[in-house]
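Take a look at the structure below.
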Amino acid sequence: MKKFVSLLLAAVLAASLGVTALAAGGSLKKVNTYTPGQFTDVTAGLWCAANVQVAYEYGIMGGKTTTYFDTESNLTVAQAIVMACRLHSGYVGDGAEFAAADPWYQSYLTYAADNGILWKYDAYDVPVSRAAFAMILGSALPDEALPVISDIEDGAIPDVPEEAGYAEAVYRLYDAGVLTGNDALGTFTPFSYITRGAAAAIIGRMADPSLRKAITLEKAPFTPVPVSQLQNLTSLKKKCTDAEFQAAYNAAVELVTPLADLPREDQLYGIAVALRQMVDSGKVSYTTSTAHYNDPYGYFVAGVSSCAGCTRATGLCLNVLGISYEHVNENQWSHQWCRVKMDDGSYWICDAYGLYCGPEPAPYQHPYF
């Protein structure tokens, strides 16, 4: 995925009617002198105080009044477009002048349309979402304005789907060290609004590269599908009591947790190998006469199983990972196994007892039975 320009950040603060401070070539010039405490709502200990100072000194943002910055109010779509226009104009050094108009932002809309800046929206005097803000501001600066300092893998931001229209803009800003996410996982909250304080934080990093932060996102811990939501719960539970099934479920969770982030093929291989190892090591014995021989409690806890029990133990592992499957030949005196549809539309067999995990030779046909 090609990730968009880190401009989103700069846009954040510029939207507040700041003077353009970007010089041609992308270098910033300080145009204001900031006195700590000049804004009564920006105390020395405020989380965004240093960034407010930078945004003010570079003329990208000003206060709502000479003494009040207003960190908590939201930016509007119009302000985001205004910021994008000022950033673009300052960066390219075209000396653009934005004449008074009705509505007040009309000259900015005209400039945006002429310079490839996103500007078409249904409403302008409404709060701008973080996703829309990233796209608007990301369209204002070229890639070289925000060099990559973090290598964020595609799909790593937990609430930004790769196919989302705003994903490129967001990833470009993360890569540039301008956006760092709301937590260690990198959560972005694309549909929440941008406050002036948050905008100042972004602008500070846009204006002063030394404030940018290279990050490595943590992966969210694996969350197994709960018992009540297992797709094949009725088949899996068979005649187990709640306590027995919970014990089998806990064992399945332990088995699949190391496989959670692997590709589907590796998950199936991992399950089949782990379950087969339980047989080869003597932890599970084949039977069709002992209690629980055909359910996952027998396989994981009691140590007894038929191919039906192995299939249900396999199916439980698959369901815990959120993988759908078919129980082939269920409740028949015939060999049984799990049939899994893969992402490419093909089907795989996952069969620890039958010593096979791989593509299905033909629909519902096992290579060994």
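The values are calculated or read from the model by the stated rules, or taken from the named source; none is laboratory data. The shown structure was predicted, so the numbers you read here are calculated from the model rather than taken from an experiment. All Cβ positions, even for glycine, are placed from backbone atoms using ideal geometry, and neighbour counts span all protein chains on display.
At pLDDT below 95, within 39 Å of the chain's Cα centre (by Cα) and either within 15 Å of Cys350 (Cβ to Cβ) or not in a helix (DSSP H, G or I) (or both): does that describe Asp266?
So Asp266 does not fit the description; no.
Go over the candidates Ser6, Ser27 one by one and state the one that is touching a Leu at 6+ places or on another chain (Cβ under 9 Å) and modelled with pLDDT under 65. Give the derivation first.
Values: Ser27 fails: touching a Leu at 6+ places or on another chain (Cβ under 9 Å).
When all the criteria are applied, what remains is Ser6.
Does the range 13-20 include one or more residues that are in contact with a helix residue (DSSP H, G or I) (Cβ under 7 Å, 6 or more places away or on another chain), modelled with pLDDT under 90, in a loop (DSSP other than H, G, I, E, B) and farther than 17 Å from Asp208 by Cβ?
Looking for residues that are in contact with a helix residue (DSSP H, G or I) (Cβ under 7 Å, 6 or more places away or on another chain), modelled with pLDDT under 90, in a loop (DSSP other than H, G, I, E, B) and farther than 17 Å from Asp208 by Cβ, one finds at least one in the range 13-20, hence yes.
Which one of these is over 36 Å from the mean Cα position of the chain (by Cα) and within 29 Å of Thr223 (Cβ to Cβ): Gly345, Gly298?
Unique residue meeting the criteria: Gly298.
For Thr180, state whether it is surrounded by fewer than 24 Cβ atoms within 10 Å (Cβ to Cβ) and at positive phi.
Considered against the rule, which asks whether it is surrounded by fewer than 24 Cβ atoms within 10 Å (Cβ to Cβ) and at positive phi, Thr180 comes out as no.
For (1) touching a residue at least 60 places away in the same chain (Cβ under 8 Å); (2) assigned to a helix (DSSP H, G or I), each residue gets a yes or a no:
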| position | (1), (2) |
| --- | --- |
| Ala100 | no, no |
| Trp119 | no, no |
| Ser150 | yes, no |
| Leu173 | yes, yes |
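Quick test for you: out of Leu275, Leu268, pick the one residue that is crowded, with 19+ Cβ neighbours inside 10 Å and out of contact with any helix residue (DSSP H, G or I) (no Cβ under 7 Å at 6 or more places or on another chain). Give the steps one after another, and end with the answer.
Working: Leu275 fails: out of contact with any helix residue (DSSP H, G or I) (no Cβ under 7 Å at 6 or more places or on another chain).
After ruling out the rest, the residue left standing is Leu268.
Whether any residue in the range 279-302 is in a helix (DSSP H, G or I) and either in contact with a Lys or Arg (Cβ under 7 Å, 6 or more places away or on another chain) or modelled with pLDDT under 95 (or both) is what I want to check.
Yes; the residues of the range 279-302 include at least one that is in a helix (DSSP H, G or I) and either in contact with a Lys or Arg (Cβ under 7 Å, 6 or more places away or on another chain) or modelled with pLDDT under 95 (or both).
If you check Ala164, Ala134, Ala184, which single one turns out to be assigned to a loop (DSSP other than H, G, I, E, B) and modelled with pLDDT under 95?
It is Ala184.
Taking the range 187-228 as the search range and keeping residues that are surrounded by 21 or more Cβ atoms within 10 Å (Cβ to Cβ), in a helix (DSSP H, G or I) and of a type in the set (A, V, I, L, M, F, W, C), which one is farthest from the chain's Cα centre (by Cα)?
Applying the first criterion (surrounded by 21 or more Cβ atoms within 10 Å (Cβ to Cβ)) to the range 187-228 yields 188, 194, 196-207, 212.
Remaining after also requiring in a helix (DSSP H, G or I): 196-207.
From what's left, of a type in the set (A, V, I, L, M, F, W, C): 198-203, 206-207.
On the way: Ala198: 20, Ala199: 21, Ala200: 24, Ala201: 21, Ile202: 19, Ile203: 23, Met206: 23, Ala207: 26 Å.
In this case the residue turns out to be Ala207.
Taking into account only those residues within the range 85-106 that are at pLDDT 85 or above and small (Gly, Ala, Ser), which is nearest to Tyr121 (Cα to Cα)?
Ala101
Do we have Val128 as in contact with a helix residue (DSSP H, G or I) (Cβ under 7 Å, 6 or more places away or on another chain), closer than 19 Å to Asn51 by Cβ, modelled with pLDDT under 90 and among the β-branched types (Val, Ile, Thr) here? Step through it out loud before you land on a result.
Values: in contact with a helix residue (DSSP H, G or I) (Cβ under 7 Å, 6 or more places away or on another chain): yes; closer than 19 Å to Asn51 by Cβ: yes; modelled with pLDDT under 90: no; among the β-branched types (Val, Ile, Thr): yes.
So Val128 fails the test.
Quick one: how many residues across the range 36-77 are in a loop (DSSP other than H, G, I, E, B), touching a Gly at 6+ places or on another chain (Cβ under 6 Å) and modelled with pLDDT under 90? First the steps, then the outcome.
At the first step, the residues of the range 36-77 found to be in a loop (DSSP other than H, G, I, E, B) are 36-48, 58-60, 62-73, 75.
Restricting the remaining residues to those that are touching a Gly at 6+ places or on another chain (Cβ under 6 Å) gives 39, 48, 59-60, 62, 69, 71.
Okay, now just the ones that are also modelled with pLDDT under 90, so 59-60, 62.
Counting residues in the range 36-77 that are in a loop (DSSP other than H, G, I, E, B), touching a Gly at 6+ places or on another chain (Cβ under 6 Å) and modelled with pLDDT under 90 gives 3.
Can you tell me how many residues within the range 283-334 are in contact (Cβ under 8 Å) with a residue 24 or more places away in the chain and among the charged types (D, E, K, R)?
Looking only at that region, the number is 3.
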